[in-house]
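Here the structure comes first, spelled out in structure tokens, and everything after it is commentary.
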Amino acid sequence: MQCFVDAAEHTVAIVPVTRDGLEAWLDKAPAAQARWVRAHDFDGSAARHLIIPDDSGGVGTVLVAMTDPMSMFTLGDLPMALPKGTVCRLEGDFETAEATALALGWAMGSYNFGRYRKTEREMARLVPLATARMDRVVAIAESVHLGRDLINTPAEDMGPAELTGAVADVAAANGAELRIIEGDELLTENYPSVHAVGRASVRPPRLADLTWGKSDAPKVTLVGKGVCFDSGGLDLKPATGMKMMKKDMGGAASALALASMIMRLNLPVRLRLLIPAVENAVAGNAFRPLDVITTRKGLTIEIGNTDAEGRVILCDALAEGASEKPDMLIDLATLTGAARVALGPEIPVYLSNDDTMAVAIEESAKRVQEDVWRLPLWPGYRKLMDSDVADLSTTGSGRGAGAINAALFLEHFVSDDVSWAHFDIMGWNLNSRPGRPKGGEVMAVRGLLDMIEQRFGA
Amino acid sequence: MTVQGLIEAVDDAVPLITLTTAGYAAWIVSQPARVATWLRRTGFEAEAGHWQVVPEVDGDIAMVVAGLGDTPDLWSAASLPSELPDDLCLALDPDGEGAADAVAEGWAAGCHRFTRYRKTKRGHASLVWPQNCDRSGVTARAEAVCLGRDLVNTPAEDMGPADLEDAAEAIAQRAGATLSVIQGEKLLSEGYPAVHAVGRASARPPRLLDLHWGRDDAPRVTLVGKGVCFDTGGHDLKNAAGMEKMKKDMGGAACALAVARMVMDLELPVRLRVLIPAVENALDGNAIKPADIITTRKGINIEIGDTDAEGRVILADALAAACEEEPELLIDFATLTGAARVALGQDLAACFAKKSEDARDLCDAGMAVSDPLWPMPLAKAYLPRMASDLAEINTIADWAFADHIQAALFLEKFVGVDTSWIHIDTVCWNEAGRAGRPKGGEVQSARAVFELLCRRYGTGA
């Protein structure tokens with residue numbers, strides 16, 4: 001990765017200090033440096049750094065505030081914030097886990113979406129600590145960057161063909177098998193829901209089906225919502241609601257990023273990735289409110305609102321995913337606004353039919369410093385998804401609890417004996433935070449990677 | 001007030017056999033062919049809320065069989081009193097399943113109707129107090145719940161700050177608790193500027209109700225309840241759809257009073273304090289305005305981002321006052337945000353706690369008594385969204401997400417650093433009638449909190 005460099009003649013020391021550690025550092029520092037630090041009121045408050053000049057007026061040392069416990073994003077702002085072309089080294093004793101986390105935070109902060117214009121500035125680079133597991137850092141960070149790129153790409157250049165093309169690239173790079181079902185073939189292959197949502201677009205709907213790993217290894221199946229643009233369909237979104245809808249394939253991007261990590265780190269699992277890729281467009285042949293679709297599973301669903309399309313394409317993909325009885329079935333989707341109202345844009349929501357897995361998800365997220373929050377598959381709301389004419393409605397009659405109701409809908413397509421978790425994510429950073437620049441973002445995937453490693457071994 | 005629908009033993013009580021789905025399968029084979037055939041032919045399968053009347057040969061009622069479903073809860077048989085023939089008297093049959101306390105409490109809750117403005121359209125079937133039933137516990141809980149529902153159901157015209165005071169006074173008096181009240185302009189001299197600011201525009205002056213009960217050396221439990229007797233929204237006036245049910249915006253106060261009544265009736269070994277800021281959020285020339293800044297009781301300056309986010313403002317002063325005496329446990333109840341409903345729907349109240357074990361214990365207690373809550377995070381990362389340009393904090397965030405979390409983060413500012421605090425964002429309204437829970441006012445989360453207190457402090461003598 002460009003953000004790392006093996007060695008360089010001149011490097012600038014980055015010194016992470018905690019609030020408590022700052023005084024000790026100042027005591028040992030040359031008087032001029034200590035004076036500089038005090039003159040700038042640098043007190044080790046979170047998310048701050050200070051450049052200390054060297055004798056010749058160059059960049060000497062970079063002090064960066066470090067919290068206790070340490071944030072993996074301690075260095076996350078620096079690649080963009082330090083003077084262009086700076087080459088840095090990290091000072092301090094960091095054991096492997098910490099050094100790896102800091103390097104990953106650096107790499108995640110070294111992101112720029114350069115497809116449509118030149119990079120504004122040359123990012124600073126880092127000579128990583130010898131203790132960091134750089135192969136892991138690069139595998140994870142490059143997968144994250146890939147996912148961000150896919151989300152940031154405008155819908156015009158990221159239709160169903162481009163999205164499944166990205167899946168094909170990842171498959172080819174890792175020796176995975178891939179099958180893509182396209183257009184009317186979705187009907188003959190019995191993915192009627194994917195077809196119904198995607199048929200109105202001039203860019204035909206697709207389903208990407210990737211498999212990788214030994215067939216006798218534990219089966220992990222990922223499903224990602226790939227709505228390349230969501231106009232809302234006949235229930236057309238207003239301008240404010242439609243503006244960001246290039247990100248409605250954020251679940252697919254996140255699932256693909258996670259799949260990429262799993263394959264690059266060679267986890268001992270049989271991986272399957274299912275991406276229904278569609279554009280929810282308006283045309284004469286668009287599906288309509290109160291249409292009834294017979295899904296892959298045979299359940300009939302009544303379309304309560306054409307803008308609740310994600311759950312429709314997911315239901316066929318989940319039914320196929322669950323049919324193999326995987327050890328773990330995980331779907332990721334930018335599914336509901338209600339999930340954003342529930343936990344805000346920065347905390348992905350998840351629901352699971354398996355309490356043990358739900359606890360493992362929470363613990364893993366904590367370990368990798370991600371936020372996630374569980375909502376319940378509340379049985380009392382199941383009857384609210386009843387339809388008058390079909391087996392169930394896509395939207396139901398419930399007031400509130402939109403994220404829960406959507407998950408209860410999806411639950412119908414997953415068998416009880418499959419451990420399943422559903423993630424409702426934003427797929428987008430509204431604001432830049434250290435290591436998480438504004439724009440497209442894959443969410444919850446580092447925690448899921450850890451959870452899969454904990455369960456099946458690395 | 002007495003608990004309705006539960007009666008002393010009568011001679012001609014009809015047996016009521018309550019059975020789970022599994023228990024029914026075993027029970028039915030032991031029945032005479034006539035009974036088994038009737039139940040089979042009428043399609044009875046012991047689902048929760050389903051019941052069937054079994055006839056005698058002479059056409060009289062031989063027994064009533066009621067289903068409890070797979071997992072019995074408080075409400076499994078609570079639809080019976082309003083669905084069975086009026087004036088039918090039943091007695092729980094020892095062959096049945098399900099906890100007698102739960103059946104009795106659900107029964108009582110299912111009999112209650114709000115009769116202040118009209119007679120009930122129909123009566124209800126009655127249940128003989130089951131043997132081995134905790135009569136005092138069932139009575140205390142059911143009475144408190146029904147009282148709380150009545151307070152919420154009472155229209156704002158008849159449930160202003162003074163009426164809420166009267167309700168608190170009645171509850172205090174029957175238990176020998178003391179109630180002190182600070183009213184109107186005295187709120188300013190006594191240091192409750194935020195309560196005064198929100199309530200001053202109403203023709204009915206704001207109040208702070210402060211109830212004390214119990215021995216001084218017992219663990220201090222303090223309950224705070226949002227008592228916005230009607231919420232117009234103020235200058236940020238609600239639209240008609242949003243304002244329609246705003247008589248219920250004192251539901252938090254009703255919850256606090258309901259829990260207090262249970263605690264005092266059953267003499268839990270705690271020193272109880274209840275603080276209720278009772279106001280009407282009205283619109284008048286002197287009403288607070290958006291971007292006004294209030295110096296609160298705690299000295300924190302708050303900028304009013306939206307006059308319709310008034311609940312957190314009055315709670316700020318009440319929570320600060322509560323923490324001045326360092327309670328062992330501080331719980332506030334509030335019908336605070338629409339966002340909590342968007343997140344969790346009508347069935348689940350949202351709870352926040354500084355200590356995660358407090359949230360877990362409360363949610364466990366709630367599930368055990370069929371009064372469910374779900375935990376929500378005090379996500380510190382969202383606090384900067386409430387930055388004010390002029391004051392120490394704004395009352396609302398600068399984005400439209402997670403308002404219930406933003407509100408909880410705001411309230412946390414007014415709670416002592418070391419205080420164990422639980423905040424409950426509750427709906428206090430049943431949108432549709434369900435077994436034992438008629439459409440209308442509800443003290444959602446009150447029984448959960450009472451159960452938590454019983455588990456923490458014991459049930460007294």
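Just so you know, all these numbers are worked out from the coordinates, no wet-lab data involved. Treat the numbers as computed from the prediction; the structure is a model and nothing was measured. So basically every Cβ, Gly included, is an ideal-geometry build from the backbone, and we count neighbours across all protein chains shown.
Under a point-charge model restricted to the Cβ atoms of Lys and Arg (+1) and Asp and Glu (-1), what is the dipole moment magnitude of the stretch A:1-152 relative to its Cα centre, in debye to the nearest 20?
That gives a dipole near 620 debye.
Return the average number of partner chain Cβ atoms within 10 angstrom of each residue Cβ along peptide A:399-405.
That works out to 6 on average.
What does the highest-first list of B:181-193, A:235-247, B:266-278, A:426-438 look like by mean Cβ count within 10 Å?
B:266-278, A:426-438, B:181-193, A:235-247
With N denoting the number of residues in the stretch B:228-366, provide Rg(C-alpha) divided by 2.2 N^0.38 Å, to two decimal places.
1.14
Looking only at other chains, what is the average number of their beta-carbon atoms within 10 angstrom of each beta-carbon in A:341-354?
Average per residue, whole number: 5.
Suppose the chain between A:S45 and A:D216 were pulled fully straight at 0.36 nm per residue; how much longer would it get relative to their current alpha carbon spacing?
Result: 56.5 nm gained on full extension.
Quick one: compute the contact order of chain B, relative version, from alpha carbon pairs under 8 angstrom and 6+ residues apart, as a percent.
Relative CO of chain B lands at 15 percent.
Need the list of lysines near A:K247 for cross-linking: C-alpha distance under 23 angstrom, and skip anything on the same chain fewer than eight residues off.
The reachable lysines, counting only those whose Cα sits under 23 Å from A:K247, are A:K118, A:K225, A:K237, A:K438.
Taking the Cα centre of the stretch A:138-456 as the origin, how large is its charge dipole in debye, to the nearest 20, when only Lys and Arg (+1) and Asp and Glu (-1) carry charge on their Cβ atoms?
Dipole size: approximately 660 debye.
Based on a Kirkwood Rh over C-alpha pairs, give the Stokes-Einstein translational diffusion coefficient of the stretch A:12-132 at 20 °C and viscosity 1.002 mPa s in µm²/s.
Taking Rh from Cα pairs, D becomes 144 µm²/s.
In whole angstrom, note down how far apart the Cα centers of the stretch A:1-60 and the stretch A:171-213 are.
So the separation of the two Cα centres works out to 52 Å.
When a footprinting reagent is the concern and you count Cβ atoms within 10 Å, what order do B:F44, B:F333, B:F401 take, fewest first?
Sorted ascending by nearby Cβ count, the order is B:F44, B:F401, B:F333.
Rounding to the nearest 20 debye, state how big the charge dipole of the protein assembly as shown is about its Cα centre with +1 on each Lys and Arg Cβ and -1 on each Asp and Glu Cβ.
It works out to roughly 1500 debye.
With unit charges on the beta carbons (Lys and Arg positive, Asp and Glu negative) and the dipole taken about the Cα centre of the protein assembly as shown, which residue among B:A321, A:L187, A:G85 sits farthest to the positive side?
Most positive-ward Cα: A:G85.
Picking from B:A172, B:N153, B:C133, whose Cα lies most toward the positive end of the charge dipole for the stretch B:128-190 (charges on Cβ: Lys, Arg +1; Asp, Glu -1)?
B:C133
Please tell me the relative contact order of the stretch A:138-456 in percent, rounded to the nearest whole number, where contacts are Cα pairs under 8 Å and at least six residues apart.
With pairs under 8 Å counted, the relative contact order is 22 percent.
Say R0 is 51 Å: what FRET efficiency, to the nearest 0.05, do A:H10 and A:A168 get from their beta-carbon distance?
Efficiency, rounded to the nearest 0.05: 0.75.
Could you give the longest part of chain A that holds none of the GluC sites (Glu not before Pro) found in DSSP loops with at most 16 neighbouring Cβ atoms within 10 Å?
It runs A:123-323.
What do you get for Rg/Rh of the protein assembly as shown when both radii come from the Cα atoms and Rh is the Kirkwood radius?
My calculation puts Rg/Rh at 1.01.
Modelled label-to-label distance, A:S397 and A:D417, 7 Å Cα→beta-carbon offset: nm?
In this crude spin-label approximation the distance works out to 3.5 nm.
Compute the normalised compactness of the stretch B:139-457: alpha-carbon radius of gyration over 2.2 N^0.38 Å, N being the residue count.
Against the empirical 2.2 N^0.38 Å value, I get 0.89 for the stretch B:139-457.
Can you compute the modelled spin-label distance between B:K238 and B:E8, with each label point 7 Å from Cα toward Cβ, in nm?
Result for the modelled spin labels: 4.6 nm.
Which value in Å does the Kirkwood hydrodynamic radius of the stretch A:138-456 take, with 1/r averaged over all unlike C-alpha pairs and then inverted?
18.9 Å
Please check which bits of the stretch B:62-105 a label hung off B:Q52 would reach, taking the label as a point 7 Å along Cα-to-C-beta and the cut-off as backbone N under 17 Å.
Under 17 Å, as judged by backbone N against the label point of B:Q52, lie B:62-70, B:84, B:96-97 of the stretch B:62-105.
Along its three principal axes, how long is the stretch B:1-80 when you only count alpha carbons? Whole Å, largest extent first please.
44, 33, 18
For the stretch B:436-444, in order, what is each residue's ³J(HN,Hα) by Karplus, 6.51 cos²θ - 1.76 cosθ + 1.60 with θ = phi - 60°, in whole Hz (x at glycine and Pro)?
Values per residue, Gly and Pro as x: x, 10, x, 3, x, x, 8, 9, 4 Hz.
For A:D291 and B:A218, what is the calculated FRET efficiency with R₀ set at 60 Å and r taken between the beta-carbons, to the nearest 0.05?
The calculated FRET efficiency here is 0.40.
To the nearest 0.05, what FRET efficiency results for B:E169 and B:E83 with a Förster distance of 45 Å applied to their C-beta separation?
FRET efficiency, B:E169 to B:E83: 0.75.
Could you tell me the relative contact order of the stretch A:12-132? Use alpha-carbon pairs under 8 Å, at least six residues apart, and round to a whole percent.
Averaging sequence separation for qualifying contacts and normalising by length gives 28 percent for the stretch A:12-132.
Given labels modelled 7 Å from the Cα in the Cβ direction, how far is it in nm from B:R34 to A:T300?
Taking the two extended label points, one gets 4.4 nm.
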